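Since the structure comes first, as structure tokens, the remarks are kept for the end.
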Amino acid sequence: MTTHRIASLPGDGIGLEVVPAAQQVLDAAGKRHGFSFDWTGFEWGCEHYTRTGRMMPEDALDTLKGFDSIFLGAVGYPGVPDHVSLWGMLIPIRRAFEQYVNLRPVKLLRGITSPLRGIEPGDLDFLVVRENNEGEYSEIGGRLYRGTPRELAVQEAVFTRAGVERVQRYAFELARSRGGRCDSATKSNGIIHTMPFWDEVFRGIAAGYPDVDSREYHIDALAALFVLDPRRFDVVVASNLFGDILTDLGAAIVGSIGIAPSANLNPEGTYPSMFEPVHGSAPDIAGKGIANPIGQIWSGAMMLDHLGHEQAATEIVDAIERVLDEAAVRTPDLGGSATTEDVTAAVIEQLGQQGGGA
Ligand SMILES: NC(=O)c1ccc[n+]([C@@H]2O[C@H](COP(=O)([O-])OP(=O)(O)OC[C@H]3O[C@@H](n4cnc5c(N)ncnc54)[C@H](O)[C@@H]3O)[C@@H](O)[C@H]2O)c1
């Protein structure tokens with residue numbers, strides 16, 4: 001029997017609730033399909049920071065390197081500045097392990113009503129490929145003359161040819177494998193150095209994929225089209241910041257940020273990849289037992305896919321859809337009254353009702 005060694009990092013807030021919930025579902029899927037998980041939990045995050053002054057220990061990356069994958073909840077909690085929590089844990093992992101693709105599906109599941117008029121399940125099923133290692137999220141810059149009228153802040157964006165090419169090529173390969181198209185988010189009218197460079201690289205990569213249609217959209221127009229005509233998209237590739245914002249919008253048009261999954265991929269497999277929902281630690285509902293676990297469970301399905309268990313991954317997404325649709329078990333963010341535990345139990349029950357595992 002295959003056993004996957006997974007580092008489990010619940011992090012903060014509702015991460016502590018949705019990660020154990022999703023682990024139960026993954027264990028159940030493994031049992032059906034003849035594989036198992038060896039979960040090792042790490043209590044890193046804002047509480048660790050408050051105790052030790054670090055979000056995670058100094059040797060954390062060395063520790064994580066040995067795992068097959070990382071399963072993360074969310075980081076961030078009131079009392080610790082958000083840039084400290086993010087740069088102390090999430091971003092170092094993404095960068096050290098060259099998880100340069102942040103893959104975020106935007107799919108309207110059965111049983112969910114989109115806030116957009118006239119959109120039905122089946123209408124929306126596209127992927128955002130967010131550059132995850134560089135771009136606007138850089139450490140380069142600084143502040144001067146703090147607290148004086150002359151105070152200033154400078155933040156540099158970093159776009160390298162190697163970094164842009166690899167993520168755009170990944171997006172084109174993905175579009176080709178889906179028989180679809182690949183569109184790019186730019187802002188080369190206003191941002192005059194990095195974005196024309198992003199576009200030039202995009203055109204160069206596009207030339208190598210004559211079978212894949214592509215188009216460049218300014219990010220403002222693209223955001224509007226996510227609302228006005230989202231059916232047109234198949235794969236959208238975007239820089240770190242643009243992809244971050246677009247995917248919260250993507251999550252909103254498919255019903256709730258509580259559902260949206262993501263994968264931080266090191267496509268070469270040199271380092272472990274990391275799977276986490278799009279949402280944050282939701283301090284406003286933490287500890288109430290009502291967090292929607294579906295984003296975390298679906299992220300777990302993406303992890304299964306990555307580990308080579310495509311059938312088990314498909315079954316989990318199918319079970320989620322039946323819970324939302326036929327069983328109508330939904331947490332309050334989706335207008336229901338179910339708890340995290342109710343939804344988790346319902347997904348496991350639906351998994352059990354599917355045809356025999358393989
Ligand atoms: N990847 C990450 O770890 C990540 C991502 C975003 C934000 N954060 C951090 O999380 C903290 C809160 O940030 P925020 O409020 O901007 O974003 P958030 O995603 O945590 O919450 C936004 C809203 O969505 C709701 N929500 C989120 N996930 C939900 C779920 N699973 N079920 C039901 N409702 C859900 C919350 O209750 C809240 O009203 C901050 O510290 C922020 O830095 C972390």
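The values are calculated or read from the model by the stated rules, or taken from the named source; none is laboratory data. Note that the structure is predicted; figures quoted are calculated from it, not measured. For neighbour counting, all protein chains shown are included, and Cβ atoms are generated from backbone atoms with ideal geometry for every residue, glycine included.
From the list D284, D305, which residue is surrounded by fewer than 24 Cβ atoms within 10 Å (Cβ to Cβ), without any contact (Cβ under 8 Å) to a residue 12 or more places away in the chain and part of a helix (DSSP H, G or I)? Can you show your working first?
Values: D284 fails: part of a helix (DSSP H, G or I).
Step by step, each of D284, D305 is checked, and only D305 is surrounded by fewer than 24 Cβ atoms within 10 Å (Cβ to Cβ), without any contact (Cβ under 8 Å) to a residue 12 or more places away in the chain and part of a helix (DSSP H, G or I).
Within region 347-358, restricting attention to residues that are touching a Lys or Arg at 6+ places or on another chain (Cβ under 9 Å) and either farther than 12 Å from Q24 by Cβ or in a loop (DSSP other than H, G, I, E, B) (or both), which residue is modelled with the lowest pLDDT?
A358
What is the number of the single condition among (1) assigned to a loop (DSSP other than H, G, I, E, B); (2) farther than 30 Å from D325 by Cβ that I119 does not meet?
(2)
Could you count how many residues in region 128-174 are among the aliphatic types (A, V, I, L, M), crowded, with 22+ Cβ neighbours inside 10 Å and touching a helix residue (DSSP H, G or I) at 6+ places or on another chain (Cβ under 8 Å)? Before you say what the answer is, go through the steps one by one.
Within region 128-174, the subset among the aliphatic types (A, V, I, L, M) is 128-129, 140, 144, 152-154, 157-158, 162, 164, 167, 171, 174.
In the following step, the residues that additionally are crowded, with 22+ Cβ neighbours inside 10 Å were identified as 128-129, 164, 167, 171.
Next, only the ones that are touching a helix residue (DSSP H, G or I) at 6+ places or on another chain (Cβ under 8 Å) stay: 128-129, 164.
Final tally of qualifying residues: 3.
With the checklist (1) within 16 Å of the ligand (Cβ to nearest atom); (2) at pLDDT 95 or above; (3) in a loop (DSSP other than H, G, I, E, B); (4) farther than 26 Å from E134 by Cα in hand, flag the one item I297 doesn't pass.
It is condition (3) that I297 fails.
Which number in (1) modelled with pLDDT under 95; (2) in contact with a strand residue (DSSP E or B) (Cβ under 7 Å, 6 or more places away or on another chain) marks the one condition that I70 misses?
The single condition I70 does not satisfy is (1).
When you scan region 225-237, do you find a residue that is assigned to a loop (DSSP other than H, G, I, E, B) and more than 24 Å from I119 (Cβ to Cβ), even just one?
Our first condition is that a residue be assigned to a loop (DSSP other than H, G, I, E, B); within region 225-237, this holds for 229, 233-234.
Filter once more, keeping what is more than 24 Å from I119 (Cβ to Cβ): none.
No: zero hits.
Which one is nearest to N133 (Cα to Cα), of the residues in region 251-266 that are of a type outside the set (A, V, I, L, M, F, W, C), buried (at least 23 other Cβ atoms within 10 Å of the Cβ) and more than 10 Å from the ligand (Cβ to nearest atom)?
Going residue by residue through region 251-266, those that are of a type outside the set (A, V, I, L, M, F, W, C) are 255-256, 258, 261-262, 264, 266.
Still in the running and buried (at least 23 other Cβ atoms within 10 Å of the Cβ): 255, 258, 261-262, 264.
Still in the running and more than 10 Å from the ligand (Cβ to nearest atom): 255, 261.
Working: G255: 28, P261: 19 Å.
So, considering only residues that are of a type outside the set (A, V, I, L, M, F, W, C), buried (at least 23 other Cβ atoms within 10 Å of the Cβ) and more than 10 Å from the ligand (Cβ to nearest atom), the one nearest to N133 (Cα to Cα) is P261.
I need the full set of residues from region 4-59 which are in contact with a strand residue (DSSP E or B) (Cβ under 8 Å, 6 or more places away or on another chain), more than 18 Å from V317 (Cα to Cα), of a type in the set (S, T, N, Q) and within 16 Å of the ligand (Cβ to nearest atom), in order please.
Within region 4-59, S8 is the sole residue that qualifies.
All but one of (1) more than 16 Å from the ligand (Cβ to nearest atom); (2) buried (at least 16 other Cβ atoms within 10 Å of the Cβ); (3) at positive phi; (4) of a type outside the set (K, R) hold for G269; state the number of the condition that does not hold.
(2)
Would you mind stating whether S273 is out of contact with any Asp or Glu (no Cβ under 8 Å at 6 or more places or on another chain), more than 21 Å from V201 (Cβ to Cβ) and of a type in the set (G, A, S)? Full working, then the answer.
On the way: out of contact with any Asp or Glu (no Cβ under 8 Å at 6 or more places or on another chain): yes; more than 21 Å from V201 (Cβ to Cβ): yes; of a type in the set (G, A, S): yes.
Here the answer is yes, as S273 does meet what is asked.
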